Structures are given as structure tokens and as C-alpha cells.
1. Given the conditions (1) more than 20 Å from Leu26 (Cβ to Cβ); (2) touching a Lys or Arg at 6+ places or on another chain (Cβ under 7 Å); (3) open to solvent by less than 50 Å² (accessible area, probe 1.4 Å), which single one is not true for Ala116?
2. Can Phe115 be described as of a type outside the set (Lys, Arg), in contact (Cβ under 8 Å) with a residue 60 or more places away in the chain and more than 16 Å from Gly175 (Cβ to Cβ)?
3. Inside segment 19-40, can you point out the residues that are assigned to a helix (DSSP H, G or I) and either loosely packed, with under 11 Cβ neighbours inside 10 Å or under 14 Å from the mean Cα position of the chain (by Cα) (or both)?
4. So which of Pro97, Pro124 ends up being modelled with pLDDT of 95 or more, within 19 Å of Leu86 (Cβ to Cβ) and surrounded by fewer than 19 Cβ atoms within 10 Å (Cβ to Cβ)?
5. Would you confirm whether or not segment 138-161 contains a residue that is in contact (Cβ under 8 Å) with a residue 60 or more places away in the chain and open to solvent by less than 50 Å² (accessible area, probe 1.4 Å)?
Amino acid sequence: MSEDDRQRWNTRYQEQFAAREPSAFLRSLTDRLPRTGRALDVAGGMGHEALWLARRGLAVTLADVSDVALERAGEAARAAGLALGLQRLDVETEPLPPGPFAFVLCLNFLWRPLFAEFPKVLAPGGLLVFAQPTRTNLRRHPHPSARFLLDEGELPRLLQGLDVVSYTEGWTEAGRHEARLMATLRA
């Protein structure tokens, strides 16, 4: 990402104050997620999901390009009495934090080269959870633009060295057309 992109995200997060619930998709996986170990939230913004994972007992690192988002996540973690690792990271130009991680989460961020990086940071048997809108989403919503959307059926083909645990693609309860995936690193 360019410095202009970083500033755009900083501006966006300066305008957002309200905390929100973590992803309904992530919460629907509660019984399938680890409760201990290290976790990485990639491009996790203000940390809504990262904080939820930390409350569950995981040692979470939140990586995002926005200084403002990380500052807000840190404030929320301190207010909740939670430990949260924060790392300013441009995943388009910098490597992911070193693993191994028992759990890696990436929601609403598409950078296809990341799929080659996920197996490098996951622990054997580690779990990846990923969700991103598809091009079908444009039928109802102008955003995100096609550049940031998956082709229908593309997500499982992006995996490298991971086994699909579950995969769905369709309209969500929030009215978006998403591809959602859980995959594990071969032990």
C-alpha cells in the first residue's frame, strides 16, 4: 500500500468511534476455534475480532496498516484489561509476523499473495479463517469495487498447503455475498 492508502485508512478510522460486535461469521465458529495459543488477526482494523479472541484466551497479535486503528484497538484492550499485541504492518509489502500461530484470521481484506504466506505462519494443524465478498456482491452493493472481490469459486483455489475444513459461498445474514472458508495446515 502507498502512504496515501495508509492515510486514507487512518482518516477512515478517525471517523469511526463506535465499538461493534465481532463478525457474526467468526462468532458462529465458536465451538471450532482454539481457546489457547497464539492468534494473528490480519488487517484487523480497530480489533473488534482480535479483542473477542483475546477474551476467549488466545494471545492475539493484531496487524494493520493504520496507526489510528491500532491506537484505538490498544485503548480498547487496556480498558478491557486484555493483552493485545499490536503491529503496524503493510501486508502488501511486509511479511506477516513470525509464527507459529494456532489461528489466523483474515476478514474483509483481499491480497491474493497472502495465501502463500498463511502456511508459513500457521502451526501444524493451525486454523485459517477467511471471508471476503465475491463479485456477485455487486448485484446489490457498489462497494467494495470489483478489484477487491473474489471471483465465484476462487477462494478454495487460492489455498496453498492448506486443507479445507469448510467452505461456503452465498448471501449472508447481513446481505452481502461472501466466500467463507476454514482451512487447516497439514500436520
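The values are calculated or read from the model by the stated rules, or taken from the named source; none is laboratory data. In this text, all values refer to a predicted model and were calculated from it rather than measured experimentally. Using ideal geometry, Cβ is built from the backbone for each residue, glycine included, and neighbour counts are taken over all protein chains shown. For the accessible areas, the whole protein counts, side chains as well, though only heavy atoms, and no ligand, DNA or RNA atoms are used. Shrake-Rupley method; radii C 1.70, N 1.55, O 1.52, S 1.80 Å.
1. With respect to (1) more than 20 Å from Leu26 (Cβ to Cβ); (2) touching a Lys or Arg at 6+ places or on another chain (Cβ under 7 Å); (3) open to solvent by less than 50 Å² (accessible area, probe 1.4 Å), Ala116 is out only on (2).
2. No.
3. Result: Ala24, Phe25, Leu26, Arg27, Thr30, Asp31.
4. Numbers: Pro124 fails: within 19 Å of Leu86 (Cβ to Cβ).
Result: Pro97 is the single residue among Pro97, Pro124 that is modelled with pLDDT of 95 or more, within 19 Å of Leu86 (Cβ to Cβ) and surrounded by fewer than 19 Cβ atoms within 10 Å (Cβ to Cβ).
5. no
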